[in-house]
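Student: Structure provided below as structure tokens; questions to follow.
The values are calculated or read from the model by the stated rules, or taken from the named source; none is laboratory data. What you are looking at is a predicted structure, and each value in this text was computed from that prediction instead of being measured. Cβ placement follows ideal geometry from the backbone for every residue including glycine, while neighbour counts extend to all protein chains displayed. Side chains are part of the model used for accessible areas, which takes the heavy atoms of the whole protein and leaves out ligands, DNA and RNA. Shrake-Rupley method; radii C 1.70, N 1.55, O 1.52, S 1.80 Å.
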Amino acid sequence: QIQLVESGGGLVQAGGSLRLSCVSSGRNFAAYSLAWFRQAPGGRRTFVAGFRRGNPTYSDAVRDRFTISRDTSKNTLDLQMSSVKPEDTAVYYCGGRLFGIGTYDDYQAYDRWGPGTQVTVTS
């Protein structure tokens, strides 16, 4: 199994940028598809960005503002957040899903999670 740890969260003003990183370790890293999810207070965990058939894919809420990238040589998954909005405020989680299990945007298909990193956007 793999272990995931996120970093890069913090306080940012609306319109600003932030870069989140997720480092994975452990065995069978190549067997996992990684993605970013977020969870606002009182809300459920929702898909932000991931890969579908190897291509980056985004939720409607962040498309054209966020960019996901993966470096397999370093076992890292990044999320570049730009033009952030107060509604982007949430705990951001890096999730791991075994290939072939569920769909890329279904949090219940992911069985590996990092502890999360808080992102707060002020207006």
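Student: With every protein chain kept in place and ligands, DNA and RNA left out, what is the accessible area per residue of the range 1-40? Probe 1.4 Å, answer in Å².
Tutor: Per-residue accessible area for the range 1-40 comes out at 47 Å².
Student: Under a point-charge model restricted to the Cβ atoms of Lys and Arg (+1) and Asp and Glu (-1), what is the dipole moment magnitude of the chain relative to its Cα centre, in debye to the nearest 20?
Tutor: 200
Student: Still on this structure, I have one more. Just subtract the alpha-carbon distance of Phe29 and Asp64 from 0.36 nm times their residue separation and send over the number in nm, one decimal.
Tutor: Between Phe29 and Asp64, full extension yields an extra 9.8 nm.
Student: Moving to a separate point now. From a point 7 Å beyond the Cα of Ala40 in the direction of its Cβ, which residues of the range 84-118 have a backbone N at a distance under 12 Å?
Tutor: Answer for the range 84-118: 85-91.
Student: On to the next question. Determine the share of the range 1-86's accessible area contributed by carbon and sulfur atoms, expressed in whole percent, with a 1.4 angstrom probe.
Tutor: Carbon and sulfur: 46 percent of the exposed surface of the range 1-86.
Student: Given bins 5 angstrom wide, list per bin the percent of all Cα-Cα distances in the chain, short to long.
Tutor: 2, 12, 24, 26, 20, 10, 5, 1, 0
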